1. Just read off the accessible area of Lys81 with the full protein assembly in place, 1.4 Å probe, to the nearest 10 Å².
2. For the pair Lys129 and Ala77, how long in nm is the line joining their label points, each one 7 Å along Cα→Cβ?
3. To the nearest 0.05, what FRET efficiency results for Asp49 and Ala85 with a Förster distance of 45 Å applied to their C-beta separation?
4. Compare Thr123, Thr71, Thr141 by solvent-accessible area with a 1.4 Å probe and give them largest first, with all protein chains kept in place.
5. Provide the net charge surrounding Ala169, with neighbours chosen by a C-beta distance below 11 Å and charges set as Lys +1, Arg +1, Asp -1, Glu -1.
Amino acid sequence: MPFTLPPRTPSGPRRRSLLASAAGTFVLVGCSAPESSTDTTDRSPSAEDRARARAARDSESLAARYGAVITAHPPLAARLKPLRAEVVRHAKAFGGAGTAGSRPSASGSPSASASAHPSPSPTVPAAEKDALADLASAERTLADQRTKALLAVPGELARLLASVAAAGAAHAFLLTEGAK
């Protein structure tokens, strides 16, 4: 009887397992609030501080856009409110007030007290489909900006940016899902 070798199974994790666990790592990091630094060095706002402030402003601006779309198109409210709530949590995670767009006013713009830097009211397309496409485009653009910013910031902020960028990409998908 001839001796046959058993089929060889690769040892160690497979490529798909590694990719899935890497993607899962970004999701598990979540959108936690920044930890207070124990660093006592005197310094002007660092690149990290500027990136964190910019990310907070961007999230607050995006939340205001969601609020304007919800006000202009009330039938979309059930679909958009959970996404807007996530964007508000992202702003808070970056150290922002997280209040812009959390309660849309009758005019569709956040109140002056909701933001330290009130911006002009976002314009909302008249058609619901166009408004959703506009929000999806804003989410994709912001996710791309955050992904590029990863190279310029240290570990914890980079992980937070990666997590929020991934969430933004998921939001863009969810916003365009029903359009096809």
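1. 100 Å²
2. Here the modelled spin labels are 2.5 nm apart.
3. The formula returns an efficiency of 0.95 here.
4. The residues order as Thr123, Thr141, Thr71, largest area first.
5. On the way: positive: Arg140, Arg146; negative: Glu139, Asp144.
That works out to 0.
The values are calculated or read from the model by the stated rules, or taken from the named source; none is laboratory data. All values derive from a computational prediction rather than experimental measurement. Methodologically, a virtual Cβ is constructed for each residue, glycine included, from the backbone with ideal geometry; neighbour enumeration extends over all protein chains shown. Please note that ligands, DNA and RNA were not included when accessible areas were found on the heavy atoms of the full protein model with its side chains. Shrake-Rupley method; radii C 1.70, N 1.55, O 1.52, S 1.80 Å.
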